[in-house]
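Enquirer: First the structure, which I've put down as structure tokens, then a few questions once you've had a look.
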Amino acid sequence: MHKFHIVTLGCPKNEADMDVLRGIFESNGYKYSQDPVKSDYIIIDTCGFIDSAKAESIDTFFEYLELKKDNRNLKVIAIGCLVQRYFDDFIKDLVELDGLIGVVPPQEVFRVIDSGEYYLKPDTPMDVYSCTSRYVPKTAYAYIKIGDGCSRRCNFCSIPNFKGEPMSREIEDICHEAEFLIKSGKKELILVSQDNTLYGVDIYKKQALTELLKAIDSISGDFIIRVMYLHPDYLTDEIIDCMQSLEKVVNYFDIPMQHGSDRMLKLMGRAKSTAALEKMIAKIRMKPSVIRTSIIVGFPGETDEEFQQLKEFLNRNEFDRLGAFAYSEEEGTPAAQMGGKVDEVQKQERLDELMELQKDISYDIMKKYVGRKLRVLVEEYEDGVYIGRAFMDAPDIDGSVFFKSSREITLGSLVEVIIKESYEYDLEGEVI
């Protein structure tokens, strides 16, 4: 019996892909090995987006190639975004790798490895699949990939260059996967793609996120639905109203706005002005909701004045959750050709200043939850304290709710917690 081990790098979309890939291997008689050195195959799913992610992938290659000293039959195979982007370079420069497979569906990854070919780069990325089987993670949540690819062409982003055009999965297929996960005990389904507002534009010739959400919401069971990655230029009133009206969809809006200066937004290739963004924010906040956004500092041409405009934008709108990043130049993008580069020291100074500002904003926001009841998904128990997440917390990127209980709580369950204390990003309470 062949054994395999999977290393997942990058975004939650890769996690969804690798859960499906693991399910396919296991359904075909392969055995998953927790110990990579005892495996026949180590499959490394890569990220090719920014320099730090690329470096992590390369370092991971060499880390696992070292294991071949203890297992001469071990094959280390790199797959995914970075491979698609630099396939020809890797063929020449990373001869130590035993296989290279670009952006293809999990079924195709399995076919290539099972056949002993190990090498494949499609001329056109083909990364969407039907879910025939998947591994069920031990977490209380699971990611469901509803589509992939992107046609937005933001000036800082290289993803369309190696992910290709948008491709959506059929609603029926996604619902089939959702039902399987719910029956397997998952309490939170997190919908991911490069941009969820693109869902359906290829197969249904229109935005179809609302139809998908209604279909998943109608599935019986006690679970919640979280929607990630909503491009602000294409987030419609219809999508907002749908998310806020469905019982199982949490009012969590993950909207990467990227900046608070009109000139910077235009340079980034964004269509909406700050005024239009604030109108959208006001629309969302007509009902109790959480808004998470991401910001890029140090984009080419960003002046001190525009950085100040960004801070004022954040102060005015007080986002519940925020991720900020220093601009990373990506080859093949319009931004890489722009003048007015911001030096690395200034980028980091601006980033630090922005995160200090957000820390204060978040501290004030979190105080508003004291005395409130929140439904919490319980995920851990440590030293007499349960740890979970409420509706405003996505896994790995947001905060947590810490609470105690006089009765034993089953991990993976949803419970009501009364909030007693608040901190900069986290909450503390007691189970009701």
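Enquirer: Relative contact order, percent, of segment 96-228 when contacts are C-alpha pairs under 8 Å separated by at least 6 residues?
Expert: On the way: 202 pairs, mean separation 30.2, N = 133.
The normalised contact order for segment 96-228 reaches 23 percent.
Enquirer: Let me ask another. What share of Cα pairs, in percent, lie more than 27 angstrom apart in the chain?
Expert: Details: 52543 of 93096 pairs.
Of all Cα-Cα distances in the chain, 56 percent exceed 27 Å.
Enquirer: Something else now. Pairs of Cα atoms under 8 Å, at least six residues apart: use those to get the relative contact order of segment 362-432, whole percent.
Expert: Numbers: 156 pairs, mean separation 27.1, N = 71.
Relative CO of segment 362-432 lands at 38 percent.
Enquirer: Would you mind ranking Ile42, Ile291 by Cβ crowding within 10 Å, fewest neighbours first? Don't jump to the answer; show the numbers that get you there.
Expert: Working: Ile42 26, Ile291 21.
Result, fewest neighbours first: Ile291, Ile42.
Enquirer: Summing +1 for each Lys or Arg and -1 for each Asp or Glu, what net charge is found among the other residues whose Cβ lies under 12 Å from the Cβ of Tyr386?
Expert: Numbers: positive: Arg389, Lys404, Arg407; negative: Glu379, Glu380, Glu382, Asp383, Glu408, Glu428, Glu430.
With Lys, Arg at +1 and Asp, Glu at -1, the neighbours total -4.
Enquirer: May I ask you to work out the translational diffusion coefficient for segment 114-209 at 4 °C, viscosity 1.567 mPa s, via Stokes-Einstein with Rh from the Kirkwood sum over Cα pairs, reported in whole µm²/s? Working shown, then result.
Expert: Numbers: Rh = 14.9 Å.
Result for D is 87 µm²/s.
Enquirer: Arrange Leu354, Leu189, Leu411 by Cβ neighbour counts within 10 Å, fewest through most, would you? Walk me through the numbers on the way to the answer.
Expert: On the way: Leu354 20, Leu189 24, Leu411 15.
Placing the least packed residue first, the sequence is Leu411, Leu354, Leu189.
Enquirer: Ok, one more. Tell me which residues come under 5 Å, amide H to amide H, from Val297 once H is placed; ignore anything under 5 positions away on its chain.
Expert: Under 5 Å from the amide H of Val297: Phe325, Ala326, Tyr327.
Enquirer: Hey, what's the Kirkwood Rh for segment 174-276 if you take every pair of different alpha carbons, in angstrom? Could you put the intermediate results ahead of the total?
Expert: Working: mean 1/r = 0.0673 Å⁻¹.
Result for segment 174-276, one decimal place: 14.9 Å.
Enquirer: Against the 2.2 N^0.38 Å scaling, with N counting residues, where does segment 300-432 land? I'd like the Cα-based Rg ratio to two decimal places.
Expert: The reported ratio for this selection is 1.38.
Enquirer: Using every Cα-Cα pair within segment 263-326, state what percent have a distance larger than 13 Å. Each step should come with its number before you reach the end.
Expert: Values: 1369 of 2016 pairs.
For segment 263-326, the share of Cα pairs beyond 13 Å comes to 68 percent.
Enquirer: I've got another one for you. Applying the Karplus parametrisation 6.51 cos²θ - 1.76 cosθ + 1.60 with θ = phi - 60° to the phi angles of segment 371-386, what ³J(HN,Hα) value in whole Hz is obtained for each residue in order, glycine and proline being reported as x?
Expert: x, 8, 8, 10, 7, 10, 8, 7, 10, 9, 9, 8, 6, x, 10, 8
Enquirer: When the Cα centres of segment 68-136 and segment 12-34 are compared, how far apart do they sit, in Å?
Expert: For segment 68-136 versus segment 12-34, the Cα centre distance is 13 Å.
Enquirer: Right, something else. Check Cys157: other-chain or 5+ apart residues with amide H under 5 Å from its amide H, H built from backbone geometry?
Expert: Under 5 Å from the amide H of Cys157: no residue qualifies.
Enquirer: Check which residues have an amide H placed less than 5 Å from Val7's amide H, if you skip close sequence neighbours.
Expert: Residues meeting the amide H criterion: Ile43, Ile44, Asp45.
Enquirer: Need one word for segment 1-91: rounded, prolate or oblate. Basis is the Cα gyration tensor (sqrt eigenvalues a ≥ b ≥ c); a/c below 1.5 gives rounded, then a/b vs b/c decides. The partial results should precede the final answer.
Expert: Values: a/c = 2.06, a/b = 1.29, b/c = 1.60.
Oblate is the answer for segment 1-91, as a/c is 1.5 or above yet b/c matches or exceeds a/b.
Enquirer: How many percent of DSSP beta bridges within the chain run antiparallel, rounded to 5? Don't skip to the end; give the middle numbers.
Expert: On the way: 20 of 62 bridges.
Just about 30 percent of them are antiparallel.
Enquirer: Using only Cα atoms, what is the ratio of the radius of gyration of segment 18-162 to 2.2 N^0.38 Å? Don't jump to the answer; show the numbers that get you there.
Expert: Details: Rg = 15.4 Å, N = 145, 2.2 N^0.38 = 14.6 Å.
Taking the Cα Rg and dividing by 2.2 N^0.38 Å, one obtains 1.06.
Enquirer: With charges set only on the Cβ (+1 for Lys and Arg, -1 for Asp and Glu), what does the dipole of segment 104-241 come to about its Cα centre, in debye to the nearest 20?
Expert: On the way: 16 positive and 22 negative charges, 77 e Å.
So the magnitude is around 360 debye.
Enquirer: With the alpha-carbon atoms as the only input, what is the per residue convex hull volume for segment 383-432 in Å³? Write out the running numbers ahead of the final one.
Expert: On the way: hull volume 4.4 nm³, N = 50.
In segment 383-432, the Cα convex hull volume per residue is 89 Å³.
Enquirer: May I pose another question? Highest mean first, how do 45-58, 158-171 rank when packing is the count of other Cβ atoms within 10 Å averaged over residues?
Expert: Details: 45-58: 18.5, 158-171: 20.2.
In descending order of packing, they fall as 158-171, 45-58.
Enquirer: Dipole of segment 236-393, Cα-centred, from +1 at each Lys and Arg C-beta and -1 at each Asp and Glu C-beta, to the nearest 20 debye? Walk me through the numbers on the way to the answer.
Expert: Details: 23 positive and 30 negative charges, 183 e Å.
With Lys and Arg at +1 and Asp and Glu at -1, about 880 debye.
Enquirer: Rounded to the nearest 20 Debye, what is the dipole magnitude of the chain about its Cα centre when Lys and Arg each give +1 and Asp and Glu each give -1 at the C-beta? Don't jump to the answer; show the numbers that get you there.
Expert: Details: 54 positive and 76 negative charges, 213 e Å.
About 1020 debye.
Enquirer: Between beta-carbons, use under 12 Å as the cut-off and find the net charge around Leu267, counting Lys and Arg +1, Asp and Glu -1. Spell out each step's value before the answer.
Expert: Working: positive: Arg263, Lys266, Arg270; negative: Asp262, Glu302, Glu306.
Value of the local net charge: 0.
Enquirer: Give the shape of segment 234-361 as rounded, prolate or oblate, defined through the alpha-carbon gyration tensor: a ≥ b ≥ c are the square roots of its eigenvalues, a/c under 1.5 means rounded, and otherwise the shape is prolate if a/b is larger than b/c and oblate if not.
Expert: Numbers: a/c = 2.21, a/b = 1.71, b/c = 1.29.
Prolate, since a/c reaches 1.5 and a/b exceeds b/c.
Throughout, read-outs are computed from the coordinates displayed, never taken from laboratory work. What you see is a predicted model, and the numbers here were worked out from it, not measured in a lab. Note: ideal-geometry Cβ built from the backbone for every residue, glycine included; neighbour counts use all protein chains shown.
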